[in-house]
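Since the structure comes first, as structure tokens, the remarks are kept for the end.
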Amino acid sequence: MYHYHFAPLCLKDAAGEKIGLKNDRQIGWSFDGFKILGLADRQLHKPEIDICNGHEHDEENHYHATRDFPFFMGCYAGKPFNQNFKQKSALLMVLDRVIILARVI
């Protein structure tokens, strides 16, 4: 399962603009279904960023990447969808079958 530990500084949109550095651009989805937006300064950003690295405004809850701890998400504000956590185990099962098939061939 691919994931980030810091803002993806090289992520670009279709026009070639680096969006990982922009606090109003979406760079991902969290397991609880909320958007993850680009890099924000937690000391200056309004409304204030909470312990989960997110907040609510414009009637929407979302997270931000930040330059300081927790850098990405510190916790979930919503309830994560259980099926999201099964991705890794399903991928490993597929890879195991591919390896077994490769050994047979």
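Rule-based calculations on the coordinates, nothing more; no lab input. Predicted, not measured: the structure shown is a model, and the values here were computed from it. Here Cβ is always computed from backbone atoms with ideal geometry, including for glycine, and neighbour counts include all displayed protein chains.
Can you list residues whose amide H is under 5 Å from PHE72's amide H, if they're 5+ apart or on another chain and H is modeled 1.01 Å from N?
The answer is THR66.
Would you mind counting up the charge near LEU11? Only other residues with Cβ under 13 Å from its Cβ, with Lys and Arg at +1 and Asp and Glu at -1.
Working: positive: LYS12, LYS18, LYS22, ARG25; negative: ASP13, GLU17.
Net of charged neighbours comes to +2.
Kindly work out what percent of the DSSP beta bridges joining two residues of segment 26-80 are antiparallel, to the nearest 5.
On the way: 7 of 12 bridges.
If we restrict to bridges inside segment 26-80, about 60 percent are antiparallel.
Considering only the other residues whose Cβ falls under 15 Å of the Cβ of ALA65, what net charge follows from Lys and Arg at +1 and Asp and Glu at -1? Please report the intermediate quantities before stating the final value.
On the way: positive: LYS18, LYS22, ARG25, LYS35, ARG42, ARG67; negative: ASP24, ASP41, ASP50, ASP68.
Local net charge: +2.
Taking the Cβ of GLY38 as the center, what net charge do the other residues with Cβ under 12 Å away carry, scoring Lys and Arg +1 and Asp and Glu -1?
Around GLY38, the charge tally is +2.
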